[in-house]
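The values are calculated or read from the model by the stated rules, or taken from the named source; none is laboratory data. Small disclaimer: the values here were computed from a predicted structure and weren't measured. Quick reminder, even Gly has a Cβ in these numbers, built from the backbone with ideal geometry, and neighbours come from all protein chains shown. These area figures cover heavy atoms from the full protein model, side chains too; ligands, DNA and RNA do not enter into them. Shrake-Rupley method; radii C 1.70, N 1.55, O 1.52, S 1.80 Å.
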Amino acid sequence: QVQLVESGGGLVQPGGSLRLSCAASGFTFSSYTMSWYRQAAGKERELVAAFSSIGFTRYLDSVKGRCTISRDNAKNTVALQMNSLKPEDTAVYYCNARSLSANYWGKGTLVTVSS
């Protein structure tokens, strides 16, 4: 059974940092592109960062320089380090695993950036 379990969300002040983690199981982790998406209230889900199976990364323009995605294929985990957080980063953050034939989602973790 495929599982993607996010953790690390919470309330943080503007300018603060959070590290999101996603623990994966039930599929061949190293063969999948692992990504973080977010969805703010009333908005569409958007890609924040992705880390392909062959080592390429990409970021949403608005988080470049503030966020870093990393993966550990030995531990089947993917993380998103977020620094200099802004109120507009407030959203539910979702872990995603994607291959040519499959697409899996976690249930999400809420990040709230507010003073």
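Just a few scattered comments:
- Filter pass, Ser99 being within 16 Å of Gly16 (Cα to Cα) and open to solvent by 20 Å² or more (accessible area, probe 1.4 Å): no
- Verdict on Met34 being in contact with a helix residue (DSSP H, G or I) (Cβ under 8 Å, 6 or more places away or on another chain) and in contact (Cβ under 8 Å) with a residue 60 or more places away in the chain: no
- Qualifying positions in region 1-31 - part of a loop (DSSP other than H, G, I, E, B) and hydrophobic (A, V, I, L, M, F, W, C): Val2, Phe27
- Within region 93-115, the set of residues being of a type in the set (S, T, N, Q) and within 15 Å of Thr77 (Cβ to Cβ) comprises Asn96, Thr109.
- Residues in region 24-45 that are under 15 Å from Arg98 (Cβ atoms), open to solvent by 40 Å² or more (accessible area, probe 1.4 Å) and more than 8 Å from the chain's Cα centre (by Cα): Gly26, Thr28, Ser30, Ser31, Arg45.
- Condition met for Thr77 (closer than 18 Å to Ser7 by Cα, touching a Leu at 6+ places or on another chain (Cβ under 9 Å) and open to solvent by 30 Å² or more (accessible area, probe 1.4 Å)): no
- First in region 67-80 and at positive phi, second anywhere and of a type in the set (Phe, Trp, Tyr) and outside any loop (DSSP other than H, G, I, E, B), Cβ under 8 Å, 6 or more apart: Asn76/Phe29
- Here is the figure for region 10-20: residues that are in contact with a strand residue (DSSP E or B) (Cβ under 8 Å, 6 or more places away or on another chain) and either acidic (Asp, Glu) or surrounded by fewer than 17 Cβ atoms within 10 Å (Cβ to Cβ) (or both) total 7.
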